[in-house]
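For reference, the structure is listed below as structure tokens.
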Amino acid sequence: MGFIGFLGDAAEQLRLHYPALLHGYQVTILLTAVSMALALVLGAVVALARTAEWRWLRVASGSYVELFRNTPLLIQLYFWFFALPKLPPLDLPYLGTFHWLLSSEQAAVLGLTLYTGAYTAEALRSGLRSIDAGQTEAARAVGLTYMQTRLYVVAPQAIRIAVPLLTSILSALFRNSALVSVIGVIDLLAAADRIQQSNFQTFELFGVAGVLYLSLTLPLAWASGGLERRVARAR
Amino acid sequence: MAVDPIIEFRHVTKRFGAHEVLRDITDQIRVGEKVVIIGPSGSGKSTLLRTVNRLETIDAGEVLVEGISVHARGTDVNALRARVGMVQQSFNLFPHMTVLENITLAPRKVKGEGRDAADERARSLLERVGIPEKAAAYPAQLSGGQQQRVAIARALAMDPTVMLFDEPTSALDPEMIQEVLDVMRDLARDGMTMLVVSHEMGFAREVADRVLFMSDGSIEEAGTPAELFEHPRGERTQRFLSRIIAH
Amino acid sequence: MSDILMVGAGWEPFTRWAIWRFLFDGLVLALEMAAISMLLSMLVGVVMAVARLARPRIIRWPAMVYVETFRAMPLLLLIFFVFFGSARTPLKIGPVTAVVIALTLYNSAVVAEIIRAGILSISRGVIEASRALGLSYLQSMTYVAIPIALRRMAPGVVSQLITLFKDTSLASVLSILELSRSARVIYDTPTYGNPVEVLTVVAAMYFIPSYALSLLAQRLEAGPERRAILAADTATATIAPAPASRPE
């Protein structure tokens with residue numbers, strides 16, 4: 001059949017099943033985008049907590065980072081989806097009873113966010129740490145307050161340094177998001193898998209899915225490399 | 001057994017493409033002589049120095065060290081390099097080794113010296129360059145001046161018959177230049193043959209037997225420091241010196 | 001307190017040796033898959049790194065395509081591709097082999113980049129200095145270039161080993177009884193029904209080796225000689241460019 005024949009078959013699968021595949025593609029993008037946005041906020045808070053003056057805040061944030069980076073995402077997803085509902089419901093005044101039952105999508109976003117947040121926190125912290133103390137001193141010397149210094153002087157520089165790392169974290173998130181199929185989210189990989197289970201066009205469908213993933217991750221890999229060189233030059 | 005002259009350049013020519021970096025260089029360096037090469041950047045002085053231990057190839061002519069043709073096919077380049085010490089501008093200490101290991105690597109691996117003998121010798125060399133307490137340190141823990149002194153000790157550990165210095169103080173902070181020059185002065189006093197590329201005019205005046213002024217790949221002018229610095233003949237030499245001394 | 005909070009069998013199964021034995025077997029399988037995949041990834045990674053640094057395009061480009069493609073693919077997709085794909089060909093690959101192949105495809109691409117960076121980090125000046133002392137090419141590679149490169153790579157390789165170990169959990173999708181699958185088998189058993197407890201225990205079983213490795217990576221990252229290697233890098237960048245010809 002040869003390579004050309006294979007490409008033809010793959011194109012045929014894409015033509016036949018593009019609504020399902022495209023929907024999965026959108027789910028993958030949406031999940032990744034939402035989780036990344038939340039993970040950035042979480043990461044920023046955790047990075048600040050890790051450099052805070054209160055000891056318990058440093059310990060708590062450090063524990064979060066180590067715990068979530070050193071256990072598999074799969075186990076974390078299982079936990080949010082299978083274990084959380086086993087916790088007893090929470091009785092909240094006025095708001096009523098709160099059940100710990102999450103939909104597949106909610107558990108997916110929660111899992112991806114908490115997992116990725118540990119990595120964004122470390123990226124931002126390494127950015128913060130690389131800012132010379134002289135910068136803070138110079139800012140304080142011209143009369144900026146502590147918060148102003150962090151906001152206008154330290155944070156922008158730290159983020160610029162962290163951008164290449166954050167880009168590769170985003171790329172990893174795209175790849176990691178494929179795991180949500182194990183808790184029942186129909187993302188790109190799950191969509192391709194469902195179709196191939198019925199028609200056995202395994203190579204063709206996973207090939208199409210692979211190319212669609214590459215369309216998301218490859219530009220990020222290149223951007224990350226380019227940004228890294230730019231940051232290195234600027235410093 | 002000393003071969004005199006110890007280094008001889010015979011019509012040495014080198015090109016990078018159409019550009020001639022070295023043009024028909026001829027000169028002799030006698031045993032124990034201290035020669036300082038000065039000249040504007042890009043004049044070929046570092047390249048000339050690097051032909052002596054064959055870090056640079058040449059396109060015509062011949063370089064002889066102790067009568068042996070450096071670039072000849074049959075020459076054992078590693079044996080030659082073992083006798084020609086070199087100190088580079090950027091120290092280039094081995095970052096993964098301690099100071100002591102940096103100094104003893106070549107004696108042990110090239111000359112096959114035992115560890116104890118090599119260590120002992122390294123310690124006495126560290127004494128000589130003034131930092132005996134740094135034997136166990138890693139290069140990153142040293143200042144630039146200290147690193148360069150280790151580099152000198154590392155070269156001396158091979159008992160070279162001639163030492164090449166390629167701008168040994170240009171990468172150093174001003175306050176560290178003297179400590180390196182002091183070590184070099186000591187070395188000169190002990191009778192080492194030295195070929196030095198440097199911008200340190202005070203050092204040249206004090207230590208050099210001869211100064212070579214290079215420009216555009218040629219030796220424009222040569223003479224004792226007094227001759228060259230007080231009464232430069234060539235117009236280029238005058239211009240160069242007035243710029244350097246004005247600094 | 002946990003008796004009140006948790007439903008299902010709670011912690012009770014963990015008083016039995018058989019349950020621990022079952023989980024430990026899973027952990028051992030996970031560690032085995034990680035170790036074999038890492039070894040294979042190092043082998044393939046060295047080949048790919050050297051190929052990417054080679055001059056001829058015919059060698060460089062295929063290596064680049066391999067590295068860039070596999071490092072940008074979801075691992076789960078690679079596992080599906082190898083396992084379900086091989087089922088459609090005459091050579092049917094068992095699930096464990098399929099996972100090891102998929103893990104190797106992904107990790108060899110990552111390791112290749114770590115090795116390439118290590119090789120590129122060796123500054124020319126340091127090699128030249130060793131040659132100027134009279135060391136032969138082979139000696140200067142053995143005592144200077146390769147040790148520097150290896151030290152440079154070590155933290156990256158150890159960090160990747162952590163990722164690889166965690167990623168063995170994906171093998172559970174092929175019903176391989178590694179640690180994650182074993183966990184699920186236990187808490188899916190109707191009489192147990194205790195995912196909170198089981199997943200907590202299993203998380204700890206992943207955490208301990210991973211965290212130990214991350215401490216090792218940190219140690220490798222620190223240390224005076226390590227800082228020196230990083231410093232040597234920046235030094236070469238700021239110092240005047242070396243002449244164009246190569247030392248012999």
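In chain B, what % of DSSP beta bridges are antiparallel (nearest 5)? So the antiparallel bridges amount to about 55 percent of the total.
Shielding value for B:136-142 is 5, the average number of Cβ atoms from other chains within 10 Å of each residue's Cβ. The C:Arg16 and A:Trp100 beta-carbon pair, evaluated with R₀ = 41 Å, returns a calculated FRET efficiency of approximately 0.90. Relative to the longest principal axis of the Cα atoms of chain B, helix B:174-189 runs at roughly 90 degrees. Ignoring lysines fewer than eight residues from B:Lys134 along the same chain, the ones with Cα atoms less than 23 angstrom from its Cα are B:Lys109. Taking the Cβ-Cβ separation of A:Ser215 and C:Val47 as r and a Förster radius of 45 Å, what is the calculated FRET efficiency to the nearest 0.05? So the FRET efficiency works out to roughly 0.95.
Using only Cα atoms, what Kirkwood radius does the protein assembly as shown have, in angstroms? Computed over Cα pairs of the protein assembly as shown, the Kirkwood hydrodynamic radius comes out at 30.1 Å. Could you compute how fast the stretch A:2-234 diffuses translationally, taking Rh as the Kirkwood radius over C-alpha pairs and applying Stokes-Einstein at 4 °C with viscosity 1.567 mPa s? Give it in µm² per second. So the translational diffusion coefficient is about 64 µm²/s.
Taking Cβ atoms as reference points and 11 Å as the exclusive limit, the residues near C:Pro95 contribute a net charge of +1, counting Lys and Arg as +1 and Asp and Glu as -1.
Give the angle, between 0 and 90 degrees and rounded to the nearest 10, that separates the Cα long axis of helix B:235-246 from the longest principal axis of the Cα atoms of chain B. Once rounded, one gets 50 degrees. Taking a sphere under 12 Å around the Cβ of A:Tyr213 and counting the other residues whose Cβ falls inside, with K and R at +1 and D and E at -1, yields a net charge of +1.
Return the FRET efficiency for the residue pair C:Ala204, A:Thr51: r is the Cβ-Cβ distance, R0 is 22 Å, and the value is rounded to the nearest 0.05. So, using R0 = 22 Å, E works out to roughly 0.20. For chain A, the mean residue ellipticity at 222 nm estimated from helices alone is -25500 deg cm²/dmol, where every DSSP H run of n ≥ 4 contributes -39500 (n - 2.57) and the total is divided by all residues, rounded to the nearest 500. Taking amide H atoms as placed 1.01 Å from N in the peptide plane, list the residues 5 or more away in sequence, or in a different chain, whose amide H sits under 5 Å from that of B:Phe165. The list, which skips near neighbours in sequence, is B:Val87, B:Leu195, B:Val196, B:Val197. Legend: mean number of C-beta atoms from other chains within 10 angstrom of residue C-beta atoms, peptide A:176-188, equals 3. Between the residues C:Gly118, C:Ile19, C:Thr89, the greatest Cα displacement towards the positive end of the dipole of the stretch C:2-238, with unit charges on the Cβ of Lys, Arg, Asp and Glu, is found for C:Gly118.
When peptides B:227-237, A:68-78, A:128-138, A:159-169 are ranked by their average number of other Cβ atoms within 10 Å per residue, the highest-first order is A:68-78, A:159-169, B:227-237, A:128-138. About its Cα centre, the protein assembly as shown has a charge dipole of approximately 820 debye under the convention of +1 per Lys or Arg Cβ and -1 per Asp or Glu Cβ, with nothing else charged. Applying a length cut-off of 15 Å (Cα extent along the axis) and a mean Kyte-Doolittle floor of 1.6 to the DSSP H helices of chain C leaves C:17-53, C:75-87, C:95-120.
In terms of its Cα atoms, chain C spans 75, 49, 27 Å along the principal axes, sorted from long to short. In chain C, the DSSP-assigned H stretches of four residues or longer account for a calculated mean residue ellipticity at 222 nm of -24500 deg cm²/dmol, using -39500 (n - 2.57) per stretch and the full residue count as denominator. Against chain A, whose longest principal axis comes from its Cα atoms, helix A:55-69 is set at around 20 degrees. Entry note: the stretch A:1-89 has Rg to Rh equal to 1.23, where both radii use alpha-carbon atoms and Rh is the Kirkwood radius. Residues considered: C:Gly45, C:Gly156, C:Gly94. Largest GNM mean-square fluctuation over chain C, using C-alpha springs under 10 Å, is found at C:Gly94. Summing Cβ point charges (Lys, Arg +1; Asp, Glu -1) relative to the Cα centre of chain B gives a dipole of roughly 480 debye. For a straight C-alpha distance cut-off of 20 angstrom, the aspartates and glutamates reachable from A:Lys86 (same-chain residues fewer than eight places away being disregarded) are A:Glu105, C:Asp3, C:Glu12, C:Asp188, C:Glu197. Using θ = phi - 60° in the Karplus curve 6.51 cos²θ - 1.76 cosθ + 1.60, the 3J(HN,Hα) couplings for the stretch A:141-152 round to 5, 8, x, 6, 6, 4, 5, 4, 4, 5, 6, 9 Hz; x is entered for Gly and Pro.
Mean residue ellipticity at 222 nm, helices only, chain B: -10500 deg cm²/dmol; runs of at least 4 DSSP H residues each add -39,500 (n - 2.57), and the sum is divided by the number of residues. Of the peptides A:32-43, B:79-90, the order by per-residue mean of other Cβ atoms within 10 Å, starting with the highest, comes out as B:79-90, A:32-43.
Among B:Ser143, B:Ser43, B:Ser218, the residue with the largest mean-square fluctuation in a Gaussian network model of chain B, with springs joining Cα atoms closer than 10 Å, is B:Ser143. Within the stretch B:90-125, what residues put their amide N at less than 18 Å from the label point 7 Å along the Cα-to-Cβ vector of B:Glu133? Of the residues in the stretch B:90-125, B:99-100, B:123-125 have backbone N under 18 Å from the label point off B:Glu133.
For the stretch C:3-67 and the stretch B:110-163, what is the separation of their Cα centres, given in Å? Comparing the Cα centres of the stretch C:3-67 and the stretch B:110-163, I get a distance of 45 Å.
Taking the average, over residues, of other Cβ atoms within 10 Å as the packing measure, peptides C:83-90, B:91-98 rank B:91-98, C:83-90 from highest down. Suppose every Lys and Arg Cβ carries +1 and every Asp and Glu Cβ carries -1, with no other charges. What dipole size does the stretch A:1-111 come out with about its Cα centre, to the nearest 20 debye? Its charge dipole is roughly 340 debye.
Rounded to the nearest 5, what % of DSSP beta bridges with both residues in the protein assembly as shown are antiparallel?
Numbers: 22 of 39 bridges.
The antiparallel proportion sits near 55 percent.
Across peptide A:60-68, the average count of Cβ atoms from other chains found within 10 Å of a residue's Cβ is 1.
Every number in this text was worked out from the coordinates using simple rules, so none of it is lab data. Remember, it's a predicted structure, so these values are computed and weren't measured experimentally. For neighbour counting, all protein chains shown are included, and Cβ atoms are generated from backbone atoms with ideal geometry for every residue, glycine included.
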